[in-house]
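Here's the structure, in structure tokens; my notes come after.
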């Protein structure tokens with residue numbers, strides 16, 4: 001299954017890279033000006049589903065664009081065919097393909113491919129995480145004030161800025177620096193690779209994080225909800241760190257929560 005996921009991610013990533021700057025149609029999802037989908041997203045998703053179905057026709061799917069397709073299998077592929085669509089529409093080379101596999105409710109496999117840098121992040125449950133076939137580990141940073149952290153904003157942040165803006169402001173005072181890349185899957189992989197020390201996002205979907213959270217875990221990191229409790233890819237809050245600054249980030253997030 002890992003082999004199929006890798007081959008599929010590489011093929012979809014090549015398709016994305018080849019079509020940068022060739023978008024013909026941009027649609028707004030749910031009436032939100034910042035929540036975009038293009039024909040490239042849809043074609044990439046069709047490519048991924050078709051490829052996986054050739055090998056595993058009885059598996060279920062949960063995809064960003066086409067939603068859930070179920071045949072009541074114990075396996076479910078959770079797919080984001082183009083994570084970082086807004087970046088992609090501007091030809092900003094920060095986007096990726098994300099493919100996760102869930103078995104009986106547990107993520108057991110994750111593949112994220114960044115075609116711009118030709119970086120392939122992979123993980124299998126209990127077997128560690130890799131970047132281009134080399135093992136990776138989270139950072140060793142122990143203080144939040146010495147940490148580079150990253151976040152994402154909900155699509156409706158312009159209409160409902162809180163609590164995202166409060167969390168951002170609080171981390172400005174507590175962390176060394178903050179970044180906002182626009183691709184949650186890559187944010188998670190960068191935590192796994194030690195490039196970021198922590199990542200938080202308040203409204204995140206299963207396809208954005210299914211592969212990435214396993215890659216973080218297998219690289220020695222930790223992920224929970226904002227209160228530090230065990231979470232699920234079906235919950236919107238997500239905090240992922242190197243584990244060493246986790247409680248410090250939880251404390252900052254709690255400051256911005258409603259009592």
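The values are calculated or read from the model by the stated rules, or taken from the named source; none is laboratory data. It should be emphasised that the depicted structure is a prediction, and the values quoted were computed from it without experimental measurement. Quick reminder, even Gly has a Cβ in these numbers, built from the backbone with ideal geometry, and neighbours come from all protein chains shown.
Return yes or no: is residue 147 closer than 25 Å to residue 226 by Cα, surrounded by 15 or more Cβ atoms within 10 Å (Cβ to Cβ), modelled with pLDDT of 95 or more and touching a helix residue (DSSP H, G or I) at 6+ places or on another chain (Cβ under 7 Å)?
No, not satisfied.
What residue, of 112, 97, 138, is crowded, with 22+ Cβ neighbours inside 10 Å, under 19 Å from the mean Cα position of the chain (by Cα) and either part of a loop (DSSP other than H, G, I, E, B) or free of Cβ contacts under 8 Å to residues at least 24 places away in the same chain (or both)?
Only one candidate passes the filter, namely 138.
Please find, within region 247-259, the residue that is modelled with the lowest pLDDT out of those that are out of contact with any helix residue (DSSP H, G or I) (no Cβ under 6 Å at 6 or more places or on another chain) and part of a loop (DSSP other than H, G, I, E, B).
Result: 259.
Can you list the strands (runs of 3 or more DSSP E) found entirely within region 49-91 that contain at least 1 residues being buried (at least 21 other Cβ atoms within 10 Å of the Cβ) and either touching a helix residue (DSSP H, G or I) at 6+ places or on another chain (Cβ under 9 Å) or not assigned by TED's automatic domain parsing to the domain that holds residue 207 (or both)?
The qualifying strands (runs of 3 or more DSSP E) are 60-63, 75-83.
Going through region 51-64 one residue at a time, which ones are closer than 17 Å to residue 98 by Cα and more than 22 Å from the chain's Cα centre (by Cα)?
53
Closer than 21 Å to residue 254 by Cα, assigned by TED's automatic domain parsing to the domain that holds residue 214 and modelled with pLDDT under 95, is that true of residue 174?
No.
Taking residue 212 and the conditions (1) assigned to a loop (DSSP other than H, G, I, E, B); (2) crowded, with 19+ Cβ neighbours inside 10 Å, which numbered condition does it fall short on, given that it satisfies the others?
(1)
Can you spot a residue in region 229-246 that is closer than 29 Å to residue 125 by Cβ and in a helix (DSSP H, G or I)?
Within region 229-246, the first condition is being closer than 29 Å to residue 125 by Cβ, and the residues that meet it are 229-246.
When the remaining residues are screened for being in a helix (DSSP H, G or I), the result is 246.
Yes, region 229-246 has at least one match.
Identify, from the list 122, 151, the residue that is in the same structural domain as residue 180 (by TED's automatic domain parsing), in contact with a strand residue (DSSP E or B) (Cβ under 7 Å, 6 or more places away or on another chain) and not in a loop (DSSP other than H, G, I, E, B).
It is 151.
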